[in-house]
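The values are calculated or read from the model by the stated rules, or taken from the named source; none is laboratory data. Here the structure is a predicted model, which means the values were calculated and not measured. Note: ideal-geometry Cβ built from the backbone for every residue, glycine included; neighbour counts use all protein chains shown. Note: areas computed on protein heavy atoms with side chains; ligands, DNA, RNA excluded. Shrake-Rupley method; radii C 1.70, N 1.55, O 1.52, S 1.80 Å.
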Amino acid sequence: MTSSPADVLELDITGIAHGGTFIARHEGRVVFVSDAVPGERVRARLIAPQEGADADTRSFWRAETIEVLEASEHRRPHIWAEADVSRDPVDRPGGADLGHIDLDHQRELKRRVLTEALDRFAGNGLIAPEIEPVESGDGLGWRTRVTLHVDDTGTVGPYASRSHRVVPVTSYPLARPAIAAAALALSGEAPGRIELVEPADGTVRIIRREETERAPRVQRGFRKRPAPEVIHEVVNDRRFEVDSTGFWQVHPRAASVLDAAVYGILDGHVDDQKTHFDLYGGVGLFAATLADLGGTEIVTVESSARATQHAAANLAALQVEAVTARVDRFLVTRKGGGRAGAVVLDPPRAGAGRQVVEAIHGLAPDAIAYVACDPVALARDLGTFRTLGWNVDRLRGFDLFPHSHHFEVVALLTR
């Protein structure tokens, strides 16, 4: 017997997968199911494969829960009414894929994802830490940055989960209250993208990206897009300037939590006679942490020229060298090691990768603090470090994005 994408299946949910979907099996084939909980029995509608893919030959299927037949004790009413399982999947907004599960169990599921990633990619013997809450409460109202979309009819809202279809909503429970109010007040917008940002001053910025807006061109006859507004964020009474459209952590406490975690695991590993490196350094958050630990010779490396300019300004009093470069290319110029002290790396979601890991190893640093937003990428990189002779001395996990599948991990590596 085979199934077609139009089929509705009854499935027993056995686990959680990386990315916020859940695992079931049908006739020996893995099915990744949204909006479920391990231990449940659900009715789920198969999602049609991408054009050119044959549903019967794929090694796995994807499906969306449309009815819960046997509910888990950990299921709760969804924190976002529009994303509830009672609504048609095509109308459910994305961004809160664990919002139907109680918070404590969300953290246990995130730990399971990390455990499976470490077991599969990092080698034997690593134990995943508890995923620590960063605040008490219901896990709502924390997003300081929200991206919405406007379709051709003028409808404003988030995309539906795993699609580019705009879904109208009447609430934004994960957004900061001021951002939620500003988002609901939007009307008469041109098609495109809208970013809402609430920096430390509490004033919401609304940044519109119309569909007709061109990327900046330097050729004669084209005008460059105006530079974005510079806003300020604050960590431990230190002000950081950053573009309103630039990267900064989404949870209002995330930067301070990660700063404290890196400080804690590197305390005692920063020698004031050596050079310390902040890789993928952004606007200089962890370079400042290295300075607070006693580092006097610090280099921060970031591929974005705008972010590097801000890092130079943010760290001017600390005499940090801010370098604009891709990390892999920068490390080629630093081969040989000799005086490397601590290295902090906070790579993008894809991780650092073997080339960068091997180049960091070539610096022969005393210790490495790895800040990760993706458990599988982290596990792969830790596996590479371990084959090069590094020990993973400590792991800490932080639930900085409640009701979503995302979380952060900080690891300490020493020889």
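Data overview
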item	result
Options 90, 85, 146; residue that is of a type in the set (Val, Ile, Thr), touching a strand residue (DSSP E or B) at 6+ places or on another chain (Cβ under 8 Å) and in a loop (DSSP other than H, G, I, E, B)	85
Of residues in region 335-352 being closer than 25 Å to residue 128 by Cβ and touching an Asp or Glu at 6+ places or on another chain (Cβ under 7 Å), the one modelled with the lowest pLDDT	349
Residue list for region 14-38, restricted to those being assigned to a strand (DSSP E or B) and either more than 16 Å from residue 116 (Cα to Cα) or without any contact (Cβ under 8 Å) to a residue 60 or more places away in the chain (or both)	22, 23, 24, 25, 26, 29, 30, 31, 32, 33, 34
Selection within region 120-139 - at negative phi, in a loop (DSSP other than H, G, I, E, B) and more than 17 Å from the chain's Cα centre (by Cα)	124, 126, 127, 128, 129, 130, 135, 136, 138
Of the criteria (1) touching a residue at least 24 places away in the same chain (Cβ under 8 Å); (2) over 23 Å from the mean Cα position of the chain (by Cα); (3) open to solvent by 10 Å² or more (accessible area, probe 1.4 Å), which one residue 340 fails	(3)
Strands (runs of 3 or more DSSP E) lying entirely in region 266-348 (those with 3 or more residues that are under 23 Å from residue 372 (Cβ atoms) and not charged (D, E, K, R))	275-279, 297-302, 340-345
For residue 260: the one exception among (1) closer than 30 Å to residue 133 by Cβ; (2) more than 20 Å from the chain's Cα centre (by Cα); (3) of a type in the set (Gly, Ala, Ser)	(2)
Filtered residue count, region 366-391, keeping only those that are over 15 Å from the mean Cα position of the chain (by Cα) and within 18 Å of residue 264 (Cβ to Cβ)	5
Residue under evaluation residue 161, criteria (1) modelled with pLDDT under 95; (2) under 26 Å from residue 411 (Cα atoms), criterion not met	(2)
Top-ranked residue in region 289-304 [being buried (at least 24 other Cβ atoms within 10 Å of the Cβ) and of a type in the set (A, V, I, L, M, F, W, C); ranked as nearest to residue 326 (Cα to Cα)]	301
Options 143, 162, 120, 107: the member that is over 18 Å from residue 403 (Cα atoms), open to solvent by 30 Å² or more (accessible area, probe 1.4 Å) and either assigned by the TED database to the domain that holds residue 22 or among the basic types (Lys, Arg) (or both)	120
Some residue of region 314-337 being touching a Pro at 6+ places or on another chain (Cβ under 9 Å), surrounded by fewer than 19 Cβ atoms within 10 Å (Cβ to Cβ) and within 24 Å of residue 393 (Cβ to Cβ)	yes
All positions within region 66-82 that are closer than 16 Å to residue 168 by Cα and in a loop (DSSP other than H, G, I, E, B)	80
Qualifying residues in region 392-415 (those that are closer than 17 Å to residue 265 by Cα and in contact with an Asp or Glu (Cβ under 6 Å, 6 or more places away or on another chain)) - the one surrounded by the most Cβ atoms within 10 Å (Cβ to Cβ)	398
Filter pass, residue 175 being surrounded by 15 or more Cβ atoms within 10 Å (Cβ to Cβ) and touching a residue at least 12 places away in the same chain (Cβ under 8 Å)	yes
Qualifying positions in region 73-97 - open to solvent by less than 20 Å² (accessible area, probe 1.4 Å) and touching a helix residue (DSSP H, G or I) at 6+ places or on another chain (Cβ under 8 Å)	82, 92, 93, 96
Flag if residue 389 is in a loop (DSSP other than H, G, I, E, B) and surrounded by fewer than 18 Cβ atoms within 10 Å (Cβ to Cβ)	yes
